[in-house]
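The values are calculated or read from the model by the stated rules, or taken from the named source; none is laboratory data. The shown structure was predicted, so the numbers you read here are calculated from the model rather than taken from an experiment. When we count neighbours, we look across all protein chains shown, and the Cβ atoms used for this are built from the backbone with ideal geometry, even at glycine.
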Amino acid sequence: MKASDSLEVRGKVIRNRITMAPTVKFDYAGPDGKATEKHIEHYRERAEHGCGLICVEATAVSPDGRFWTNHMGLWDDDQIEGHSLIAKACHDNGAVVIVQINHTGITSNPDCGPAIGPSSVPTRDPNVMSKEMNTFEIHKMQENFVNAAVRAKKAGYDGVQLHGCHSYLINQFISKKTNLRTDEYGGSVENRARFGAEIIKAVRKECGEDFIISIRTAGIEPDVATAIEIAEEYVKAGVDMLQVSTGIEWDDPTHKEEGKPYNKFAKLGVRFHDHFKGRIPVSCVNSLYEPSVIRYLLENDLVDLVDLGRPILADPAIVEAVLEYKPFVKCFDCPNCQYGPFMPHKCPAAIKRGVKFE
């Protein structure tokens, strides 16, 4: 497989194997959660440089599920128009584009809403316990995800990605550390995956057969084998793509990566691909700064796609560097990403290539 090879998913042709991972721009949106011109230009630039699949940043399915008060949303029809401009900018430049939809759950920002989740457990503030969702609240939250997906389709997106990792609500349901339930949403692997699986089925019903449904899922929860079992439930529910990252738990002592050009986080995608090969596309992510490493992963059939976060923020020309061996500005791998959440946007690589930050 070459990085330049196309991939067809639900009738949508992704022109190459490079994916832009969802990375939130907190100072772009206002309290109304609407997309802005900054968002549109941000994604347009990545599409212009040839990125095959763009996953727009985590977008809240309800106001109380935001990271912060300036977090983009899809909980209201008034937000559709701005998203339609993002989708058009990407399509006009040849990219397939999906949007990640999310609720923070137990990790909710108190300025946005209460901490709610599958069970009552300590939140980021150890003195505050989350509120356990009852069955009605679970079903209402699932409706919020589905309604956001319907709005995404109306906006012209090719699909959605469910945010099922990084300690947020769907991840909280699959983790035994945050899900202590004894009903149909807790206990067994099937039950803990039920919250996300039912969303997948409902989105398919409402959005149709030509709509891509991806999930960003935890690669260890608490071990790789169990995380794969969780992903199997999502696949049975009808998900189209698995984008593998990290979750709440990390208790698998056997998970190492030595003597390889990629790290143990990216290895999660490699291990999932080995399991699901030929059944469903799988991607990996994390610290993939060198075009040679990206090509290595694809040419050796270790994954189907490679997700780029910080490298494509630093310089979207990394796509052309992978595909055409062109020059680009490499990510400086700052300890705290200067293009990342809650950080002042002063990315040294972006500044080096001429970006002016306000």
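Numerical summary
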read-out	value
GLU258 vs. criteria crowded, with 18+ Cβ neighbours inside 10 Å and more than 14 Å from the chain's Cα centre (by Cα)	no
Filter result for GLY208 (more than 21 Å from ILE116 (Cα to Cα) and buried (at least 24 other Cβ atoms within 10 Å of the Cβ))	no
Within segment 169-185, tally of residues that are touching a Gly at 6+ places or on another chain (Cβ under 6 Å) and either assigned to a strand (DSSP E or B) or within 17 Å of VAL203 (Cβ to Cβ) (or both)	2
Residue in segment 79-89 that is of a type outside the set (S, T, N, Q) and over 28 Å from LEU305 (Cβ atoms) present	yes
Enumeration of residues in segment 193-211 that are in contact with a helix residue (DSSP H, G or I) (Cβ under 7 Å, 6 or more places away or on another chain) and in contact (Cβ under 8 Å) with a residue 60 or more places away in the chain	PHE195, ALA202, GLU206, PHE211
Residues that are free of Cβ contacts under 8 Å to residues at least 24 places away in the same chain and buried (at least 18 other Cβ atoms within 10 Å of the Cβ), drawn from segment 267-288	LYS267
One residue from MET133, MET141, MET72 being free of Cβ contacts under 8 Å to residues at least 40 places away in the same chain, in contact with a strand residue (DSSP E or B) (Cβ under 9 Å, 6 or more places away or on another chain) and among the aliphatic types (A, V, I, L, M)	MET133
Residue match in segment 174-190 (condition: under 17 Å from the mean Cα position of the chain (by Cα) and either charged (D, E, K, R) or more than 21 Å from THR246 (Cα to Cα) (or both))	no
Single unsatisfied condition, GLY33 versus (1) in a helix (DSSP H, G or I); (2) in contact with a helix residue (DSSP H, G or I) (Cβ under 7 Å, 6 or more places away or on another chain)	(1)
Residue list for segment 73-124, restricted to those being more than 19 Å from ALA35 (Cα to Cα), buried (at least 18 other Cβ atoms within 10 Å of the Cβ) and of a type in the set (A, V, I, L, M)	ILE106, ALA115, ILE116
Strands (runs of 3 or more DSSP E) completely within segment 241-358 that count 3 or more residues being at pLDDT 95 or above and aliphatic (A, V, I, L, M)	241-245, 305-308
Checklist (1) surrounded by fewer than 24 Cβ atoms within 10 Å (Cβ to Cβ); (2) without any contact (Cβ under 8 Å) to a residue 24 or more places away in the chain applied to PRO311, failing item	(1)
LYS201 within 21 Å of ILE98 (Cα to Cα) and surrounded by fewer than 21 Cβ atoms within 10 Å (Cβ to Cβ)	yes
Test: VAL146 is under 19 Å from the mean Cα position of the chain (by Cα) and of a type outside the set (Ser, Thr, Tyr)	yes
Some residue of segment 163-184 being closer than 26 Å to ARG124 by Cβ, surrounded by fewer than 19 Cβ atoms within 10 Å (Cβ to Cβ) and in contact with a strand residue (DSSP E or B) (Cβ under 7 Å, 6 or more places away or on another chain)	yes
Conditions (1) in a helix (DSSP H, G or I); (2) crowded, with 21+ Cβ neighbours inside 10 Å; number of the one not met by PRO22	(1)
Per-region count, segment 212-235, residues crowded, with 24+ Cβ neighbours inside 10 Å and free of Cβ contacts under 8 Å to residues at least 12 places away in the same chain	0
Residues of segment 119-133 classified as part of a loop (DSSP other than H, G, I, E, B), under 26 Å from the mean Cα position of the chain (by Cα) and of a type outside the set (Ser, Thr, Tyr), total	4
Some residue of segment 221-240 being in a strand (DSSP E or B) and within 17 Å of HIS163 (Cβ to Cβ)	no
Odd one out for ASN300, checked against (1) closer than 30 Å to ILE351 by Cα; (2) surrounded by fewer than 20 Cβ atoms within 10 Å (Cβ to Cβ); (3) among the polar types (S, T, N, Q)	(1)
Residue within segment 38-55 that is of a type in the set (Val, Ile, Thr), within 22 Å of VAL146 (Cα to Cα) and in contact (Cβ under 8 Å) with a residue 40 or more places away in the chain present	yes
